[in-house]
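J.: The structure follows.
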Amino acid sequence: MTFLIKKLYILLIITFYNFFLIQLGHSVENKIVYKINNEIITSFDLKKELRYLSLINPKILNLETNEIFKISEKSIIREKIKKIEILNHISEIKLDETYTNELIKNTYSKMGIKNINEFKKKIESMDISLEEFVEKITIEALWNQMIYDKYKKKIKINKTKLEKEISLKRNQTEFQLSEIVFNVNKKENFQKKINLIKADIENRGFENAALIHSISQSRNSGGVLGWINENSLNKNLKDIIKKLKIGEYSDPQTIPGGFLVIKLNDINNKKISVNMKKELNNLIRLKTNQQLNQFSNIYFNKIKKNIKIEKI
């Protein structure tokens, strides 16, 4: 395929996505669809949420329309609940401007966009304003900060153990992993939930199943965790992954705040020279984030019980 043909192909895909979003937007009459305590969610809000999710992960548009809207509903309800809880602790949804700009840059850099002007054009083409985008990343950042402040004393990091793990990393194995983290409410049957998730994995692919079912922050990227060193995993999870063949996924494993299905995408065995300080910092960050994600799910499930969710 020549460069020109590739370029035309990409433009065609982008045009299709934008047309798809616009058609969905026009097909929905603007009305209130949910009340979350005193917060309302309109059909227009759902349309905007879809646009945001497709910006973060365009593969969501591979799903059927009704499934896309279900994912959008879950996502925006989750965001509203987080916003309500954040405002119980602070007066407004706002970050320092420097930090906000850093979050924006991190987002568009991951998308392969070079600068803020190019990013603005991208989101404007999807009918997303910069202010709307900033509010969403601000809510997520404030939630993460709240979880950190609340649970930081409960984070357990054994630096001596981690240093020993790093010293063994000359001959190391890395796993490229994806996850689906889910919970089961009182109205659901556990086995039926498992069967549904497995059916969606088999029929739609793991990434789409993660978009539909996962409650982890990784859901927006189709559950992809990336390359994880085996020494970063606890023994139980490591043993489970080592029994998987590439492309296989595990049975659900109980974790704090829910259940985990892990998929092995690839394996990499290699010899490396180790920068102890750098690797230790990376490992501490990874272990900290893993624990914070678990605390986040536990806390969210706790506060959700006290939130009144009404479907209009």
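J.: For segment 234-312, list the strands (runs of 3 or more DSSP E) that sit wholly inside it and hold at least 3 residues that are among the charged types (D, E, K, R); which are they?
T.: Filter on segment 234-312 gives 258-271.
J.: Does any residue of segment 210-217 turn out to be surrounded by 17 or more Cβ atoms within 10 Å (Cβ to Cβ), assigned to a loop (DSSP other than H, G, I, E, B), modelled with pLDDT of 90 or more and among the polar types (S, T, N, Q)?
T.: Yes, the conditions are met somewhere in segment 210-217.
J.: May I pose another question? Out of K120, K114, report the one residue that is charged (D, E, K, R), surrounded by 14 or more Cβ atoms within 10 Å (Cβ to Cβ) and not assigned by TED's automatic domain parsing to the domain that holds S221. Full working, then the answer.
T.: Numbers: K114 fails: surrounded by 14 or more Cβ atoms within 10 Å (Cβ to Cβ).
Only one candidate qualifies: K120.
J.: Find all pairs meeting these conditions: Cβ atoms under 7 angstrom apart; at least six residues apart or on different chains; first residue within segment 223-238 and on the phi < 0 side of the Ramachandran plot; second residue part of a loop (DSSP other than H, G, I, E, B) and buried (at least 18 other Cβ atoms within 10 Å of the Cβ).
T.: So the pair list comes out as N229/K169; N231/K169.
J.: Can you give me the number of residues within segment 190-213 that are in contact (Cβ under 8 Å) with a residue 60 or more places away in the chain and of a type in the set (S, T, N, Q)?
T.: Qualifying residue count for the region: 1.
J.: Count, please, the residues in segment 100-111 that happen to be closer than 16 Å to I56 by Cα and surrounded by 12 or more Cβ atoms within 10 Å (Cβ to Cβ). Talk me through it step by step, then tell me what you get.
T.: First pass over segment 100-111, keeping only residues closer than 16 Å to I56 by Cα: 103-111.
Filter once more, so that each one left must be surrounded by 12 or more Cβ atoms within 10 Å (Cβ to Cβ): 103-105, 107-109, 111.
Counting residues in segment 100-111 that are closer than 16 Å to I56 by Cα and surrounded by 12 or more Cβ atoms within 10 Å (Cβ to Cβ) gives 7.
J.: Criterion first (modelled with pLDDT of 85 or more and more than 18 Å from the chain's Cα centre (by Cα)) does K198 satisfy it?
T.: On the way: modelled with pLDDT of 85 or more: yes; more than 18 Å from the chain's Cα centre (by Cα): yes.
Yes, satisfied.
J.: Look at segment 157-195 and say how many of its residues are of a type in the set (A, V, I, L, M), at pLDDT 90 or above and either exposed (fewer than 14 other Cβ atoms within 10 Å of the Cβ) or closer than 20 Å to N293 by Cβ (or both).
T.: The initial filter retains those residues of segment 157-195 that are of a type in the set (A, V, I, L, M), namely 157, 162, 166, 168, 177, 180-181, 184, 194.
Now drop any that are not at pLDDT 90 or above, which leaves 157, 177, 180-181, 194.
Those left that are additionally either exposed (fewer than 14 other Cβ atoms within 10 Å of the Cβ) or closer than 20 Å to N293 by Cβ (or both): 157, 177, 180-181.
Qualifying residue count for the region: 4.
The values are calculated or read from the model by the stated rules, or taken from the named source; none is laboratory data. As the structure is a computational prediction, the values presented were derived from the model and not from experiment. Heads up, the Cβs are rebuilt from the backbone with ideal geometry, glycines too, and the neighbour counts pull from every protein chain shown.
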